[in-house]
């Protein structure tokens, strides 16, 4: 499927971070975001380019949303972001597939970043940790291509310092083009940024500064 989903239609051109945080016009959080208007616009533009492209090309929406849901699920966010991306995944595929993605992400969740430093001077700061390997059978209705993408999402989200050339080779062998690997990596990085902004804004909403609470 490449048509616009009902969830996208609901969000429309609305700012996705505002939607996930339920920020209303004129509120304190809206004022905070308006003070960084360019950053706000850039974040929204990145969302639209990476997750609402007019032409997804060889990186279909179903894969983009599955990677998004998985990446957000790894972050242990208390926001509505995981439900949002799972809903998009479900609308592009089915509920069983979406639930499988959620279960994989929750099973792989742990605190990060961790990994092994390659530079000798930082070796003592290394913190070894688990990696993941997925087969298509791990997600009913999946593919070797998506399995490799989820492994890449786990790597960049939790232990990017472990990245090696062989990880890109894994993507290539699974059918990812060079351009799509770049887009995939950008998508994962954007989601890490997005969820931190969302969680930060929600923390401000729950714990306003003393002068704001009066």
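The table below gives the values:
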| read-out | value |
| --- | --- |
| Ellipticity estimate at 222 nm from DSSP helix runs (n ≥ 4, -39,500 (n - 2.57)) divided over the chain, nearest 500 | -19000 deg cm²/dmol |
| On Cα atoms only, tilt of 37-51 relative to the major axis of the chain in degrees | 40 degrees |
| Between the range 96-161 and the range 53-83, the alpha-carbon center distance in angstrom | 15 Å |
| Footprinting exposure proxy for 65, 70 (fewest neighbouring C-beta atoms within 10 Å first) | 65, 70 |
| All-pairs Cα distance distribution in the range 89-190, expressed in whole percent, bin size 10 Å | 14, 42, 34, 8, 2 |
| The chain - percent relative contact order, Cα under 8 Å, separation 6 or more | 24 percent |
| Calculated P(r) of the chain - Cα pairs past 26 Å, % | 38 percent |
| Tilt relative to the chain, helix 61-74 - C-alpha long axis, 0 to 90 degrees, to 10 | 80 degrees |
| Ascending count of other beta-carbon atoms within 10 Å, so fewest first, for 167, 159 | 167, 159 |
| Ordering of 186-197, 78-89 by burial proxy (mean other Cβ atoms within 10 Å per residue, highest first) | 78-89, 186-197 |
| On Cα atoms only, tilt of 95-108 relative to the major axis of the chain in degrees | 80 degrees |
| Sorted by Cβ density within 10 Å, fewest first, the residues 67, 182 | 182, 67 |
| Cα convex hull of the range 40-102, projected area averaged across orientations, nm² | 4.6 nm² |
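Bear in mind that the values in this text are calculations on the coordinates, not laboratory data. Predicted model only: the values in this text are computed from it and were never measured. Counting neighbours? That spans all protein chains shown, and the Cβs are built from the backbone with ideal geometry, glycine included.
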